[in-house]
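Here is the structure we will look at.
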Amino acid sequence: MTKYQTGFLEIVDWVRKFFKCEPTEIKIGTGCITNYDEILHWEPLLNTPNLVIKECNQSQFILEMLEKRHEKKLRTHIRLVDISHPRSISIESLSYSEYIRNFLIQGNSEFLVLRAAIPDWPRDQVNAFGTDLNLEHFDINPNRTHAPQVDFFELQNDIRMFQMRKNDTSVLVFHFSQDTLGFDKMAITVWF
């Protein structure tokens, strides 16, 4: 309908009132998430049986929205998450591992890429992250049998470190980028 939050909310609210109905599926992108507080408390977003977020770069919004929808056992599909401010990723002291674990158990069948800046982790912290999530070390075999589903603007000095089988046909691959201070970026991609 519209990519702007105010217009989107007004149109959906008008349709709800005029037809006396509730949406059964909402699809939104980054443009619809400009006023974090307003949309996080918007009833249709919290109650629609199916929510698809095409792209989001506000990690706090994702955390709180997933938590509220998870309590109601509602489906949420997120295609691309871009976490730009790693130090703001905590809600009630959720760690990266808990954030990723909560994100992955949501059943995001349409999820393609999660990109995150991380605060210069040393290699042992990256390894602890993989251990905490029970990830397998990256195996060269997915290169022969699978390929990334989407180009995610590959990371500089990309090191594929971990993998996790998502289902019978796809594998999650965990990429890390290293700079002089440590690992500063992470991406999770889906390979089919």
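Would you be able to say whether some residue in the range 157-166 is more than 23 Å from Leu51 (Cα to Cα) and modelled with pLDDT under 65?
yes
Among the residues of the range 30-65, write down those that are among the charged types (D, E, K, R), in a helix (DSSP H, G or I) and more than 20 Å from Trp14 (Cβ to Cβ).
Answer for the range 30-65, where residues must be among the charged types (D, E, K, R), in a helix (DSSP H, G or I) and more than 20 Å from Trp14 (Cβ to Cβ): Asp37, Glu64.
Could you give me the residue pairs with C-beta distances under 7 Å whose first residue belongs to the range 1-19 and is aliphatic (A, V, I, L, M), whose second residue is outside any helix (DSSP H, G or I) and at pLDDT 85 or above wherever it lies, and which are 6+ apart or on separate chains?
Leu9/Trp42; Val12/Pro23
Of everything in the range 167-192 that's touching a residue at least 40 places away in the same chain (Cβ under 8 Å) and in a loop (DSSP other than H, G, I, E, B), which residue is nearest to Phe138 (Cα to Cα)?
Within the range 167-192, the match that is nearest to Phe138 (Cα to Cα) is Phe192.
Inside the range 4-48, can you point out the residues that are surrounded by fewer than 12 Cβ atoms within 10 Å (Cβ to Cβ) and out of contact with any strand residue (DSSP E or B) (no Cβ under 7 Å at 6 or more places or on another chain)?
Trp14, Lys17, Phe18, Phe19, Lys20, Cys21, Asp37, His41, Glu43 - these are the residues of the range 4-48 that are surrounded by fewer than 12 Cβ atoms within 10 Å (Cβ to Cβ) and out of contact with any strand residue (DSSP E or B) (no Cβ under 7 Å at 6 or more places or on another chain).
Among the residues of the range 112-124, is there at least one that is over 21 Å from Thr180 (Cβ atoms) and either modelled with pLDDT under 70 or part of a loop (DSSP other than H, G, I, E, B) (or both)?
yes
Show the residue pairs that are 6+ apart or on different chains and have beta-carbon atoms under 8 Å apart, the first residue being within the range 41-68 and in contact (Cβ under 8 Å) with a residue 12 or more places away in the chain, the second being part of a helix (DSSP H, G or I) and of a type in the set (Lys, Arg).
Pro44/Arg16; Leu46/Lys68; Leu46/Arg69; Leu51/Arg69
Would you please name the residue that is farthest from the chain's Cα centre (by Cα), looking only at residues in the range 47-104 that are at pLDDT 75 or above and among the hydroxyl-bearing types (Ser, Thr, Tyr)?
Selected residue: Thr48.
So, in the range 11-29, how many residues would count as being farther than 18 Å from Val52 by Cβ and in a loop (DSSP other than H, G, I, E, B)?
2
The values are calculated or read from the model by the stated rules, or taken from the named source; none is laboratory data. Not measured: the values here are computed from a predicted model. Here the Cβ is made from the backbone with ideal geometry for all residues, glycine too, and neighbour counts use every protein chain on show.
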